[in-house]
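See structure below.
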Ligand code: FDA
């Protein structure tokens, strides 16, 4: 049943008609639990509250799978505006974005142009930018563009997904760039030809890449809500004397808030991924796919209205 629900929500996450409707009607169906707001000004308040609790943030201006130049340009402007607000309001926040939002599916030339504008702003205002990783189809292209941009800018990182067979090789190859990487299990529906179908294999590979990247001496963001992975990271820290300023934990806004606070109290750097914007639908569907308990929460929200 869980697998059926997961596939159903991952299927819905790519529905263009629902995406458009969601933009029109605003945050609904309990999405506000996972999405901080529709505008940067609402979101700035959320960031301040998290910062006051000792947490760092990365904001994600929601948006993905853009198929035209005008929309990619608009998303680019919104990212640049977010960078300015972070700087003006002295928020402890980085920026995360998806390359399909910046025109990856339109042309490489367009995505590079938009990314360079964002990274110029990031450099000017000292705001670090992480490129989220999307589905397997875009993984190779995303990493090629990341390598190109990393040779031009310092303030850029990306994400690798433990469920992909290719990831161990990617960690090895990217080591030459000393990259700041966020490591995750992976959130998209992928074929067993490219990704481990069994959860225990994904977990094993996750541990493997955490260890590899930390021992390579590169900055590692372990992005998970899974206590087993958190404990494993702490074990590697102790076993190999990894300094605490070489890694951090990351979790999503609205998920395991108490655990986030505990990690801060233990002296770890904790970064909360805070999504905002009117393009919340695909993100929200992936969160539902991850955890059936979230569906019960939504049903309560809908019935409660
Ligand atoms: P998993 O889903 O296996 O959960 C493990 C355990 O965690 C559960 O058994 C439970 O104990 C606990 N848990 C999970 N959710 C909980 C909840 N709501 N309440 C209480 N306990 C809960 N993916 C991607 O493909 N590209 C990307 O760029 C990113 N970026 C990203 C950034 C950040 C900051 C995070 C945290 C995650 C991502 N992801 C992502 C998503 C990631 O790939 C993955 O889908 C989710 O993090 C879920 O996997 P977990 O590691 O949390 O474990």
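Derivation of every value follows stated rules applied to the coordinates shown; laboratory data play no part. Keep in mind that this is a model prediction, so the values were computed, not measured. In this analysis, Cβ positions are derived from the backbone assuming ideal geometry, glycine residues included, and neighbour counts consider all displayed protein chains.
Being within 12 Å of the ligand (Cβ to nearest atom), outside any helix (DSSP H, G or I) and surrounded by 14 or more Cβ atoms within 10 Å (Cβ to Cβ), is that true of even one residue in region 199-216? No; the residues of region 199-216 include none that is within 12 Å of the ligand (Cβ to nearest atom), outside any helix (DSSP H, G or I) and surrounded by 14 or more Cβ atoms within 10 Å (Cβ to Cβ). Among the numbered conditions (1) assigned to a helix (DSSP H, G or I); (2) exposed (fewer than 14 other Cβ atoms within 10 Å of the Cβ); (3) more than 12 Å from the ligand (Cβ to nearest atom), the only one that residue 228 does not meet is (3).
Only one residue in 144, 137 is free of Cβ contacts under 8 Å to residues at least 40 places away in the same chain, part of a helix (DSSP H, G or I) and away from the ligand (no atom under 16 Å from the Cβ). Which one? Give the steps one after another, and end with the answer.
Values: 137 fails: away from the ligand (no atom under 16 Å from the Cβ).
Testing whether each residue is free of Cβ contacts under 8 Å to residues at least 40 places away in the same chain, part of a helix (DSSP H, G or I) and away from the ligand (no atom under 16 Å from the Cβ) leaves just 144.
Please determine whether any residue of region 232-251 is crowded, with 19+ Cβ neighbours inside 10 Å, within 15 Å of the ligand (Cβ to nearest atom) and more than 17 Å from the chain's Cα centre (by Cα). Yes: region 232-251 contains one or more residues that are crowded, with 19+ Cβ neighbours inside 10 Å, within 15 Å of the ligand (Cβ to nearest atom) and more than 17 Å from the chain's Cα centre (by Cα). Taken across region 143-156, residues that are surrounded by 24 or more Cβ atoms within 10 Å (Cβ to Cβ) and in contact with a helix residue (DSSP H, G or I) (Cβ under 8 Å, 6 or more places away or on another chain) do not occur at all. None of 164, 110, 149, 160 is on the phi < 0 side of the Ramachandran plot, touching a strand residue (DSSP E or B) at 6+ places or on another chain (Cβ under 6 Å), away from the ligand (no atom under 14 Å from the Cβ) and touching a residue at least 12 places away in the same chain (Cβ under 8 Å) except 149.
For region 157-180, the set of residues classified as outside any helix (DSSP H, G or I) and farther than 24 Å from residue 118 by Cβ consists of 162, 163, 164, 165, 166, listed by residue number.
Within the set 267, 186, 254, the sole residue that is at positive phi and more than 13 Å from the ligand (Cβ to nearest atom) turns out to be 267. Filtering region 239-289 to residues that are in a loop (DSSP other than H, G, I, E, B), within 20 Å of residue 219 (Cβ to Cβ) and out of contact with any strand residue (DSSP E or B) (no Cβ under 8 Å at 6 or more places or on another chain) leaves 240, 241, 242, 243, 266, 267.
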